[in-house]
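Since the structure comes first, as structure tokens, the remarks are kept for the end.
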Amino acid sequence: MTISASLVDDLREAVASGGLSVAYQPQFALGPDGVSRTPAAVEGLCRWTNGADGDVPPATFIPLAERAHMVEEIDLLVLAQAAAQVARWQQAGHTVGLATNASPSHITFDYADGVISRLDELSIDPASVMIEITESPSPQLLPVMDGPLQRLRAFGVGISIDDFGSRDTTIEMIEALPIDEVKIDRSLTQRTDAAAAHIVEDVVDRARRHGWRVVAEGIETDADLARARAWGCDRGQGYLLGAPMDAEALERLLDA
């Protein structure tokens, strides 16, 4: 789509007026016997429909939000809306967790306190919430992030590294972070070569030693799923298992 000159202003208005929505993509537990019947967790994903422009892809508006210094506000809005929905599902008896994204550009003590405040207001179990640190922009391993991440973990929130393998982050860099999960990017999970398998198997091996969970992203074919299970990934996410959907559709999966 063509980016209009006013798109940043439109995005700012959408943030201020509640014009953003959340889609939920399910994650399923993987095991030797197959895939769990109901989702183990959902990832809350920001969506934006902008008048005449229609649906604006996240690949378009998230970089705009970064440049306009709105991404922290958007991340917290998505967290609050998604956590409120997941809290309702939990209160209805569903054992389901929540994952939401956070740009490394705003992993500060103020952000950590904002997350804690919102989760506290909702009375959601923080242990069921995972904050996924995206690999774009790439310098997510700055030392200044350690303190805020430790504060979130002390509250009970899990920390995940998203899209591992898509950029320059190495497993050794990740080992220096206080994390609970690694998500393997589709650029690895959809490959069939021995080099990709070696990388993923190394991540899984280190995850076992450190107590991390490993999530395979981008599962779109039966072959992708079979590889993820063979590698020992704990969870899977992708269009084969479930596309991003609204809360009503996700609830039908939980009730299955």
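For the range 20-68, a tally of residues being touching a strand residue (DSSP E or B) at 6+ places or on another chain (Cβ under 7 Å), open to solvent by less than 60 Å² (accessible area, probe 1.4 Å) and of a type outside the set (A, V, I, L, M, F, W, C) returns 11.
Looking only at residues that are open to solvent by 20 Å² or more (accessible area, probe 1.4 Å) and in a strand (DSSP E or B) in the range 231-247, which one is farthest from Pro32 (Cα to Cα)? If you could, list the steps in order and put the result at the bottom.
Initially, the range 231-247 is screened for residues open to solvent by 20 Å² or more (accessible area, probe 1.4 Å), giving 231-232, 234-235, 239-241, 243-247.
With the extra rule that they be in a strand (DSSP E or B), the set shrinks to 235, 245.
Numbers: Arg235: 12, Met245: 27 Å.
So the residue we want is Met245.
Which members of the range 72-101 meet the condition of being closer than 16 Å to Arg235 by Cβ, out of contact with any helix residue (DSSP H, G or I) (no Cβ under 8 Å at 6 or more places or on another chain) and not aliphatic (A, V, I, L, M)? Matches in the range 72-101: Thr95 only. Of the numbered criteria (1) within 23 Å of Asp234 (Cα to Cα); (2) of a type in the set (Asp, Glu); (3) touching a residue at least 12 places away in the same chain (Cβ under 8 Å), the one Asp146 fails is (1). Does Val86 count as within 16 Å of Leu253 (Cα to Cα), among the β-branched types (Val, Ile, Thr), out of contact with any Ser or Thr (no Cβ under 8 Å at 6 or more places or on another chain) and modelled with pLDDT of 95 or more? For Val86, the condition - within 16 Å of Leu253 (Cα to Cα), among the β-branched types (Val, Ile, Thr), out of contact with any Ser or Thr (no Cβ under 8 Å at 6 or more places or on another chain) and modelled with pLDDT of 95 or more - is not met. Only residues that are without any contact (Cβ under 8 Å) to a residue 40 or more places away in the chain, of a type in the set (D, E, K, R) and within 30 Å of Ala256 (Cα to Cα) were counted in the range 6-46, giving 1.
Residues in the range 72-94 that are open to solvent by 10 Å² or more (accessible area, probe 1.4 Å) and under 15 Å from Glu13 (Cα atoms): Glu73, Leu77.
Considering the range 100-113, the residues that are in contact (Cβ under 8 Å) with a residue 40 or more places away in the chain and assigned to a helix (DSSP H, G or I) include one that is farthest from Leu250 (Cα to Cα), namely Phe109. Residues that are farther than 23 Å from Val215 by Cα and touching a Cys at 6+ places or on another chain (Cβ under 8 Å): does the range 23-33 have at least one? No, every residue in the range 23-33 fails to be farther than 23 Å from Val215 by Cα and touching a Cys at 6+ places or on another chain (Cβ under 8 Å). Remark: pairs (first residue in the range 208-224, modelled with pLDDT of 95 or more; second residue open to solvent by 80 Å² or more (accessible area, probe 1.4 Å) and not charged (D, E, K, R); Cβ separation under 8 Å; 6+ apart in sequence or on different chains) = Ile219/Tyr239; Glu220/Tyr239; Ala223/Thr192.
From the list Gly44, Gly97, Gly51, the lone residue that is among the small types (Gly, Ala, Ser) and more than 20 Å from the chain's Cα centre (by Cα) is Gly51.
Please pick out the residue among Ala228, Ala194, Ala249 that is modelled with pLDDT of 95 or more, touching a helix residue (DSSP H, G or I) at 6+ places or on another chain (Cβ under 8 Å) and not β-branched (Val, Ile, Thr). Can you show your working first?
Working: Ala194 fails: touching a helix residue (DSSP H, G or I) at 6+ places or on another chain (Cβ under 8 Å); Ala249 fails: touching a helix residue (DSSP H, G or I) at 6+ places or on another chain (Cβ under 8 Å).
Unique residue meeting the criteria: Ala228.
Comparison of Arg252, Arg206, Arg167, Arg235 shows that the only residue that is touching a Phe, Trp or Tyr at 6+ places or on another chain (Cβ under 7 Å) and among the charged types (D, E, K, R) is Arg235.
The values are calculated or read from the model by the stated rules, or taken from the named source; none is laboratory data. Since the model is a prediction, treat every value here as computed from it, not as a measurement. Reconstructed Cβ throughout: ideal geometry from the backbone, glycine too, with neighbour counts over all protein chains shown. Note: accessible area is taken over every heavy atom of the protein model, side chains too, but ligands, DNA and RNA are not part of it. Shrake-Rupley method; radii C 1.70, N 1.55, O 1.52, S 1.80 Å.
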